[in-house]
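The values are calculated or read from the model by the stated rules, or taken from the named source; none is laboratory data. Since the model is a prediction, treat every value here as computed from it, not as a measurement. Here Cβ is always computed from backbone atoms with ideal geometry, including for glycine, and neighbour counts include all displayed protein chains. Remember, those area values only see protein heavy atoms, side chains included, never the ligands or the DNA or RNA. Shrake-Rupley method; radii C 1.70, N 1.55, O 1.52, S 1.80 Å.
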Amino acid sequence: MISYDVIIRPIITERSMAGAQDKKYVFEVAIDAGKIQIRKAVEEIFDVKVAKVNTMIVPGKAKRMGAARPGRTKEWKKAVVQLTEDSKTIEFFEGMV
């Protein structure tokens, strides 16, 4: 799996931006990606050192589509990446804090 296939997009929320000050960054990742793959992808794409990776599956929400057609949004995987103390920050998140 290529690094750009593992990391789908960064999650930009108020809560995730608060963690960016402690060098914790949140990404949506491929549902079948493991912690080691996520670590290698972040290190390769952003040229940083990763200390820890936490992952979680975010379940899909129940939605109605029309009069009586129940459905669900897709479930996705979220990764919280903690960088080492001596690592540089990820520049993508710099202007958003």
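Brief remarks follow.
- For a straight C-alpha distance cut-off of 22 angstrom, the lysines reachable from Lys24 (same-chain residues fewer than eight places away being disregarded) are Lys35, Lys40, Lys49, Lys52, Lys77, Lys78, Lys88.
- Accessible-area order (highest first, 1.4 angstrom probe) of the listed residues Ile45, Ile2, Ile38: Ile2, Ile45, Ile38
- When trypsin sites (Lys or Arg not before Pro) are flagged only if DSSP places them in a loop and at most 16 other Cβ atoms lie within 10 Å, the longest unflagged stretch of the chain comes out as 1-48.
- Estimated FRET transfer efficiency when R0 is 30 angstrom, pair Thr13-Arg69 (beta carbons, to 0.05): 0.50
- Of the residues Glu43, Glu14, Glu28, Glu75, the one with the largest accessible area comes first in the ranking Glu14, Glu75, Glu43, Glu28, computed with a 1.4 Å probe on protein heavy atoms.
- Using only the C-alpha atoms, the convex hull of the chain corresponds to 110 Å³ per residue.
- The chain: calculated mean residue ellipticity at 222 nm from DSSP helix runs of at least 4, using -39500 (n - 2.57): -6000 deg cm²/dmol
- Angle between the chain longest axis and helix 35-46 axis [Cα atoms, degrees, rounded to 10]: 60
- Short-range pairs are left out: with C-alpha atoms under 8 Å and at least six residues apart, the relative contact order of the chain is 32 percent.
- Lys, Arg +1 and Asp, Glu -1 on Cβ, resulting dipole of the chain about Cα centre, debye, nearest 20: 760
- Fraction of accessible area attributable to carbon and sulfur, the chain (%, probe 1.4 Å): 53
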